[in-house]
Each structure stands twice: as structure tokens, then as C-alpha cells.
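The values are calculated or read from the model by the stated rules, or taken from the named source; none is laboratory data. Because the structure is predicted, anything quoted here is derived from the model rather than measured. So basically every Cβ, Gly included, is an ideal-geometry build from the backbone, and we count neighbours across all protein chains shown. For accessibility, only protein heavy atoms count, side chains too; no ligands or nucleic acids. Shrake-Rupley method; radii C 1.70, N 1.55, O 1.52, S 1.80 Å.
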Amino acid sequence: MDHKLTEVSQLFERFKAAGMREDVDTCSDLLSKLKVMLTGFRSLPPLFEDTPNAVHELTLARDIYEHAVLLSVKIGDQDAFERDFFQLKPYYTDASSRLPPSSQEYMILGLNLLRLLVQNRIAEFHTELELLSPAALENPCIKHAVELEQSFMEGAYNRVLSAKQTVPYKTYDYFMDLLAKTVRDEIAGCSEKAYDYLSISDASRMLLFSSDDELFQYIKEEHPEWEIKNGLVIFQKAKESAPCKEIPSLQLINQTLSYARELERIV
Amino acid sequence: MTEDVEMKELPAPSNSTTTTSPSTLNHLKEIASLIETGAYAREVRRIVRAVRLTMALRRKLKAQVLSAFLNFALTPGSEPHNRLVSYLPKEDVHEMECDTASSVSQTPMKHPLPELEIYCYLLVLIYLIDQKKYNEAKACSSASVARLKNVNRRTVDVLASRLYFYYSLSYELTGDLAEIRGNLLALHRIATLRHDELGQETLLNLLLRNYLHYNLYDQAEKLRSKAPRFEAHSNQQFCRYLFYLGKIRTIQLEYTDAKESLLQAARKAPVAALGFRVQCNKWAIIVRLLLGEIPERTVFMQKGMENALKPYFELTNAVRIGDLELFKSVAEKFSTIFSSDRTHNLIVRLRHNVIRTGLRNISISYSRISLADVAKKLRLDSANPVADAESIVAKAIRDGAIDATLDHANGWMVSKETGDIYSTNEPQIAFNSRIAFCLNMHNEAVRALRFPPNSHKEKESAEKRRERQQQEQELAKHIAEEDDDEF
């Protein structure tokens, strides 16, 4: 085994050890060092050169990026997640013919789908979904995300929230918590339009608050236009579109003139 | 797409070989002379005609005829000649070898035109694909594409774009599309540098097809949005482009735009391209369903499409009724068809529309209904159907799908009276947009009428023409000013 490769694997072992100790700062430091070292290998994407150690190097690099993605979830850095995920993706797609499949693959793909859902990037969510084979869609991690999206689109929000109990991995919790926040905003937006009023206890239950004070706090910050009166939350109704009383004469004249001109051109 | 349809194998009548082959050869020779004059006069029009005539001859092509034609068009013994002959089946060539020697001596051609050489590649390639000799076709097309990179003549462009098409087709037929992606990108770059618009158009479509074959919608969209666009040169290519565009937009949830592209592609496609139109219709139906529209029955009754569209017809029916159980059973019944059409994921998205339609029906029929009944009618099968129904109804209200309010304390939904639409400005606005559409269509049609240059004013000199154009411009300006004055 050549010397560069051993160096990287040793560093990676230290990274993993730091990860076990929950030492996030050391992890980040080591990770950036590892990433720089990975650029020295010519067998990795985008070059994909056929070096003697290619399979070994590719597997190691894939492992490192998988850990990087998980680390970014741990520290809650969504931008880092996106970056690391895109670096990892070629190992799943373009290098799939040379490597044995990774056991983490579906878990990470599912995480990415969840991230897109949380960030409300539904178009990208579906683009990613198209890339998966029918077999992959049956995987519990992927299925979880797909069902979440469906319930989300339908408006069955309590199904979204109950899905939190059935997460396939603990790493999903971070995004599920974020999703709960998105769901709360959605529910608030829907209730505003659908109800004339709600009792305070009902409202705080629907918006998933444990106490009424939290509800008042939320209303103050997000929806100051809601009114609280006699133990009811009263939503302001948008004004109905009033029937048209007067004839918009100027607009009509303009339109009629333009028709006349066009007709003249035809005849 | 016409080519795709034409590919049906016709059993060649064996007894007529002797009678047809000389005439086919003569036809080919005529086409060759057409290409020659086109190349010398730099008239692309003639080459287009030559290609069209070739397509008519396609079924009559035989190895014998081809090798005779190769001997006629290219110098025997020269490098392209040797290469092309090697792709043809051996035994047929031997037969011809003896008597072609004489014909060559009659028509000595020292420097064959590049156009003619490329044309020979095209002929051999078409023959190989029709004979299902895909591996030879791959080799031949790769060689021709390598040759094309070194030819920079505008008269070759038409032939080149055809070659690109068959190049991609031969790789697609053996399932190796991913291999040529880099090459296609390089060719597209070359075509852009040479201002070969037809080539760009063809190659862009081939690249999109290549990406979509592997479901790489992201890459396809990035390429499409960055590639230069110009007025379409070929109707077929434009149809294909619209179809791919429609597919990309469907995946990215831009249904309104997707519908427009797909319907336009289906309408513009030539009548002969049945397979293409069926595909367009399938996608258009799903997109319209996703938009909440119900396609008319006539869409499914189009000639030659009834059987292919049947699964989609039943699907539409389920969505129209708003019955989740029926929808599920239809989706399961035709799941193999849907996954081979690669529309399975889109159909999963439709579930949401089924619920919406069902909800709309309920909201129209009842002025007040309990949420428990809504859940029962929608057949929501979940742990807590009433709470589900409540949030689903709330979302439908927010999205404007139904006009109603919820009463949480009593647990029912109250539909609002629909107001009289004719008391608002709505009808007038709709009427105006339709008139504007018609007038615009008329103007576009007038503008699209093209006349060949110089057909009626042969003797008009350059000076006179300039004078006339100036007059016309002034007149146009005058009219425009007059228009402004009216406001």
C-alpha cells in the first residue's frame, strides 16, 4: 500500500475516533485536512484514472465523504451538507460499477431528500427521486421521505408529525425537527384562511404548542394581525371581492378601439 | 421521429431484385449529381432535397446496390472507400467486384467532394441500421463522426445533422448511450463555433435525449437553459425539443409550461409519427390531470391511439370521480405499463389531485357536512381520519381549491354560496384575453407566410430593391405612428 494512502487512512481513523468522542471541532479540522489530501489521488472523480489502488482509494474517499455528510447533520450545517453530498454523489452514480455498494447509501440519499423537503425545494426533490431505481424506492429510508412529501402536499400534517416516531435512523431527527417548524407555519397559514376563529386551547393544540404562553409568543412574532378576544383567536378575513358596481369605461374604450384597429388590418 | 416510424421492416421481394437494383442505383446516381450541383452552387436546398429523396429509397437499399454506388461515388482503393466497403456484408461485395471495375473506368472521379463522401457514410449507416447490424453501425457512425469533425462546409451541415441522429440511434439501440455523451458535447461545441444552427439543434436534442434516457433531469435542464436558442430550422427537431422540454418541466413541477410544450409538440408532429404523438399525449394527459384539468374524451379516441392511451383513460376516470380506491386499483392494474412509460412517479403525485377532486365534489354537493363524513367519503385510511380530513380541507381552502370555512368546535365544513360570476369583471377579462389570442394568432400567421426570394421580381436590381425596402419601412413607421396617435 502506498504511503499517501496509509497517511490518509490513519488520519481518517483519528477523525472517526474524534467523532466517537463527540469532539466536533477536531472533527471539522481533520475533515478539511482529509479533503485536501484526497485531491492528491488521481483515481477519484472527476479524473477516474485507473491506478493500481483505485478501488481502495475510491472506497476510502466515499467513506470520508459519508462521514462528512453525517458530521454536517450533527452540527446542523445545511450548506455543508449540500456541499458534501454533491461531492459524495459521483461515488454512488459514476463509480457504482467499480465499487461494492455502500451500506450507508440509501440512508444518506433519504437524508438528502428530507433536506430538500425541509428547504421546500420540491422540484429538486422530484428530480432526485427520478434518479432512483424502483428497488431503491422500496427502501425504508427513501419510502419514508416519499411518504412525508405526499402527506405534506395533501395537507395531512399530523401524519407528517407522527412520522417522526418512525424515523429509520437517529440522524434523521435533526431534519424532522426542522420539518416540524415548517409544518407549524403551514398549519398557521391554512388555519388563517380556513377558520373564522378558534378557541385558544384548540389553536395551541393544532399549532403544537405545549402552553398558551408559547402560542401568544408565536402570534406576536409571526402573526401580529391575529386578534385574541374572549378566549378566542380571531383571524382577520381578507375582504371579499366585491361585485363590480361601475363599468370600467376607459378600459373598455381602449379595448374596443384596439379591436377595431386589428379588424381593419384584417379586412 | 418520422424515421423512427419508418423503421418497420418490410420483407423485400426477392424476385424483383434484378429489376429494382439498376433503377435504385440510377436513383442514387441522380441524387449524387443533385448533391454535386448543390455543393458547387452552395445551395443547401438541393442537399435537403437529396436527403429527402434518399429516405424514399430507404427500403430498396441492398448491399449490392450500395457497393456499386460506392464504387461510382468514391475512388476504389481510396481510404474512405475501403473503410465503407468493409462494413458491407462480404459475399455480396465479391459478386459485384468484377463488374464494377469497368463502370469505374467510365466515370473517373479523382477528387470526390466531401459532401459525397459524407453522403456515402450516411447511406451505409442507414443500411446497417435497417439490417439490424448495430455493432457495424456503431463503428461506421463513429468513423463518420470523426471524419465530420474535420469538414467545415455549410453544405455538409444537413447531411451531418442526419449522421449525428443515426450515430446516437445506433448507440441507443445497443444501450450504450452514456458512452457518446462526451463526444456529443464536443460536437455541439464545434457546431456552435461553426454557426451550424441545424447541427446545434440536432445535437442539443440528442444530448437531451441522452440525459433523459438516464433520468438526469438536472443536467438536461442546465444544458438546455444555457445552450444558445434560435429560430427552429427543422420542424421535427423543434417537436423533439418541445417534448423534452415538456418532460423536464413536468418533473420540476412547472405544469402550466409543461402542458403548453407537450401539447404544442403533439400538434406540430407529423401525422406519420404516431409513436411520438402517443408519447406526447401520455405526458400531456398526466400533466393536465396534475393541473386539475380533466382531458376531453376525444383526446383518448384519436386514431391509432385508443389502445395505447387506455390505461391513461381509466386513470383519468378515477381522478375525475375523485375515488381513491378506484385510483389505487387502476394504478396497480397498469403498474407495469406506467413504469415502462416511466410515468410511475408522476402517477404517485396524482393521489393528491384525486383527493382534491373528491373534496370539490363534496363541497359543491353539500352546504354543510361533518368532517367525519368527509373522511368517510374520501376513504382516507389512516389512524386519525377526522384530524386528517380537517387539515386536508384547511389546505384545500388555503390553496383556493374549494370555497368554504371550517368550524372546529362543531367539527363541520360549511361551503360558501358561490357568488354570481356575471356580476364581476371576470367574464369581460376572459373574453378580452380570448379576442387578443385570436388576433395575435392571425398576425402571427400573416407574418409566417414566406415567399421564396426573387420569385416574382426576377429582374429587380439591387438598387431598386433597396429603394423598395426603404419605402416599405417608411410606410411601416407611418402606420405605427398612426397607431400611437389613436391613443
Report summary line: Carbon/sulfur accessible area of the range B:367-421, % of total, 1.4 Å probe, equals 48
Requested in this report: Determine the shielding of peptide B:384-397 by partner chains: average, over its residues, the number of Cβ atoms on other chains within 10 angstrom of each Cβ.
Outcome: 6
Report task. Please express the shape of the protein assembly as shown as an equivalent ellipsoid: the semi-axes are the square roots of 5 times the eigenvalues of the C-alpha gyration tensor, given largest first in whole angstrom. Result -> 56, 41, 25
Query raised in the report: If you look at just the Cα atoms of the range B:298-442, how large are its Rg and its Dmax in Å?
Result: 19.2, 58
Query - For the range B:271-365, alpha-carbon Rg relative to the globular expectation (2.2 N^0.38 Å, N residues) - result: 1.07
Query - Equivalent ellipsoid semi-axes, the range B:160-284, via Cα gyration tensor eigenvalues times 5, rooted, Å - result: 22, 16, 16
Query raised in the report: Leaving out same-chain residues fewer than 8 places away, which lysines sit with a Cα under 21 Å from that of B:Lys133?
Result: B:Lys8, B:Lys60, B:Lys62, B:Lys90
Requested in this report: Using only Cα atoms, find the angle between the long axis of helix A:54-74 and the longest principal axis of chain A, and express it within 0 to 90 degrees, rounded to the nearest 10.
Outcome: 40
Query raised in the report: Listed highest first by mean packing, meaning other Cβ atoms within 10 Å per residue, what order do B:266-278, A:163-175, B:354-366, B:202-214 come in?
Result: B:202-214, B:354-366, B:266-278, A:163-175
Query raised in the report: So what's the angle, to the nearest 10 degrees on a 0 to 90 scale, between helix A:212-222 and the longest Cα principal axis of chain A?
Result: 80
**Report entry** Inter-chain Cβ neighbour average for residues A:123-132, partner chain, 10 Å
**Finding:** 6
Report task. Grab the beta carbon distance between A:Ser133 and B:Gln470, set R0 = 51 Å, and tell me the FRET efficiency rounded to 0.05. Result -> 0.20
Report task. Give, as ranges by residue number, the residues of the range A:169-199 whose backbone N falls under 15 Å from the point 7 Å along Cα→Cβ of A:Asp212. Result -> A:198-199
Query raised in the report: Roughly what would the spin-label model give for A:Leu11 and B:Asn425, points 7 Å off Cα along C-beta, in nm?
Result: 6.6
**Report entry** Proximal charge balance of B:Trp412 [Cβ under 11 Å; K/R count +1, D/E count -1]
**Finding:** -2
**Report entry** Cleavage-rule hits, trypsin sites (Lys or Arg not before Pro), the range A:22-83, DSSP coil, Cβ neighbours within 10 Å at most 12
**Finding:** A:Arg42
Query raised in the report: Based solely on its DSSP helices, what 222 nm [θ] is calculated for chain B when runs of n ≥ 4 H residues each add -39,500 (n - 2.57) and the sum is averaged over all residues, nearest 500 deg cm²/dmol?
Result: -22500 deg cm²/dmol
Query - Nearest-ten-degree value, helix A:78-93 long axis tilted from longest Cα axis of chain A - result: 60
Query raised in the report: Quick one: if the Förster radius is 41 Å, what FRET efficiency do A:Leu263 and B:Arg153 give, using the C-beta to C-beta distance and rounding to 0.05?
Result: 0.25
**Report entry** Spin-label model distance (nm) - B:Ser33 vs B:Lys310, 7 Å beyond Cα toward Cβ
**Finding:** 5.4
Query raised in the report: Looking at the range A:128-175, which GluC sites (Glu not before Pro) are in a loop (DSSP not H, G, I, E or B) and have at most 14 other Cβ atoms within 10 Å?
Result: A:Glu138
Requested in this report: Just list whichever of B:Lys138/B:Lys282; A:Lys89/B:Lys282; A:Lys170/B:Lys377; B:Lys395/B:Lys416; B:Lys222/B:Lys259; B:Lys247/B:Lys395 have alpha carbons separated by over 26 Å in the model shown.
Outcome: B:Lys138/B:Lys282; A:Lys89/B:Lys282; A:Lys170/B:Lys377; B:Lys247/B:Lys395
Query raised in the report: To the nearest whole percent, what portion of all C-alpha pairs in the range B:367-421 is separated by more than 19 angstrom?
Result: 24
Report task. Project the alpha carbons of chain B onto their principal axes and report the range along each, largest first, in whole Å. Result -> 100, 65, 40
Query raised in the report: Which residue fluctuates the most in chain A, going by a Gaussian network model with Cα springs under 10 Å, if the choices are A:Leu11, A:Leu129, A:Leu257?
Result: A:Leu257
Report summary line: Given Cβ charges of +1 for Lys and Arg and -1 for Asp and Glu, the option among B:Phe431, B:Ser367, B:Leu380 whose Cα lies farthest towards the positive end of the dipole of the range B:315-457 is B:Phe431
